[in-house]
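First comes the structure, then the notes that go with it.
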Amino acid sequence: MKTIVLTGGGTAGHVTPNIALIPELLKQGYHIHYLGTENGLERGLIAKEKDVTYHVIKSGKLRRYVDIQNFTDPFRVIQGVGQSVNLIRKLKPNIIFSKGGFVSVPVVLGGWINRVPVIIHESDLTPGLANKISFPFALKVCTTFKETTEFFKGDKGIYTGTPLRPSLLKGDPEKGMKICGFIANKPTIMVMGGSLGAVAINQFIRRILSRLTTRFNVIHLCGNNNLDPSLENTPGYKQFEYVDEDLPHLMALASLIISRAGANSIYEFLALKKPNILIPLPLSASRGDQIQNAQSFERQGFSKVLDQETLADDILLTAILDVYANRQKYIYRMAEMDHTKGVERILNIINEYAKS
């Protein structure tokens, strides 16, 4: 049997594409091992995958800003490289697939030291820091955006799209209604802040909630510890910290989605042909990757983009009403694209480069 090591973490966007690959890797006879941190979000998500063995390694966050931990985390990365070298030597994988994030760097380096083929995947339009570091040690870099291949020299970049979980395409809107307890037969807006939540978006939505619920049901994924108990019994409003298995049903119910602009999320909206409003993380809180992702989708007619730093309650409400009124225009543009073959394309590359 073949063996593969998966890695990636820090946010759900660095884990869920790996989860999308797991069922097909199992069908093709792979033993699957996952290398991640002890307390990272990736451990909780992978724990639900019964046929995957999880191994804990050390790693340090890669920051672009001044922080005292910038002096200590490099030593954690070095420690993680040593752990990865030993684990990979023991597991003898045929190939390593990295989804990026700071967790992945020690694993990629450990694989390269052991001469195990490494394939990495870049979700965003421009490469993240972890993948920039990992790039020299990889055979191929799979990309979500076609434009991203230009950032990787030597023909290493190859456009594949992103792996989407098959279950995502099997949502049932009636189940979504029951999960939320909605009674009124109104169109539904879904608000997503990403796996870590989005406090700014939460505040905007809650300030205009009374005006929204006169016309829409509202599903609000607000992030850990961001529930508002005072809104718990609001008719037509259902808030969750985080949703996993029920997410396909909630997305199937939604007529319009409001979200950050993480690459995995927006490609899910594209695959499901869901009109959406994107509020990317501002430059003050990110390297600008979400802004570039969102601008690309707006240029292609898939999304409407709002700037958080100039956003106001009335601007958001007007945008919601406008996108909903013109939703068929967005659906038509998205229907022209096929971004549902990421799993197939990536598996072909994994099988091509897996060491005998």
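The values are calculated or read from the model by the stated rules, or taken from the named source; none is laboratory data. Fair warning: this is a prediction, and the values are worked out from it, not measured in the lab. Every residue, glycine as well, gets a Cβ built from its backbone with ideal geometry; the counts of neighbours run over all protein chains shown.
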(request) Considering only region 113-134, state which residues are at pLDDT 95 or above and surrounded by fewer than 20 Cβ atoms within 10 Å (Cβ to Cβ). (result) Ile113, Asn114, Arg115, Pro117
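Per-residue answers, yes or no, for (1) more than 19 Å from Ile320 (Cβ to Cβ); (2) among the hydrophobic types (A, V, I, L, M, F, W, C):
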{"residue": "Pro173", "(1), (2)": "yes, no"}
{"residue": "Met177", "(1), (2)": "yes, yes"}
{"residue": "Ile205", "(1), (2)": "no, yes"}
{"residue": "Pro235", "(1), (2)": "no, no"}
{"residue": "Ser255", "(1), (2)": "no, no"}
{"residue": "Ile258", "(1), (2)": "no, yes"}
{"residue": "Ala261", "(1), (2)": "no, yes"}
{"residue": "Ser286", "(1), (2)": "yes, no"}
(request) Of the numbered conditions (1) touching a residue at least 60 places away in the same chain (Cβ under 8 Å); (2) part of a helix (DSSP H, G or I), Ile258 fails exactly one; give the number of that condition. (result) (2)
(request) Working carefully through the options Arg89, Arg43, find the one that is surrounded by fewer than 19 Cβ atoms within 10 Å (Cβ to Cβ), within 16 Å of the chain's Cα centre (by Cα) and either touching a residue at least 12 places away in the same chain (Cβ under 8 Å) or within 27 Å of Gly193 (Cβ to Cβ) (or both). (result) Arg43
(request) Report yes if Leu256 is in contact with a Pro (Cβ under 6 Å, 6 or more places away or on another chain) and closer than 30 Å to Lys170 by Cβ, otherwise no. (result) yes
(message) Being surrounded by fewer than 12 Cβ atoms within 10 Å (Cβ to Cβ), of a type outside the set (Gly, Ala, Ser) and part of a helix (DSSP H, G or I) narrows it down to one residue among Glu309, Glu352; which is it?
(response) Glu309
(message) Condition check: surrounded by fewer than 19 Cβ atoms within 10 Å (Cβ to Cβ), outside the structural domain of Ala130 (by TED's automatic domain parsing), part of a helix (DSSP H, G or I) and within 20 Å of the chain's Cα centre (by Cα). Does Glu344 satisfy that?
(response) no
(request) Go through region 89-120 and give me each residue that's over 25 Å from Arg345 (Cβ atoms), of a type in the set (A, V, I, L, M, F, W, C) and assigned to a helix (DSSP H, G or I). (result) Leu91, Leu109, Ile113
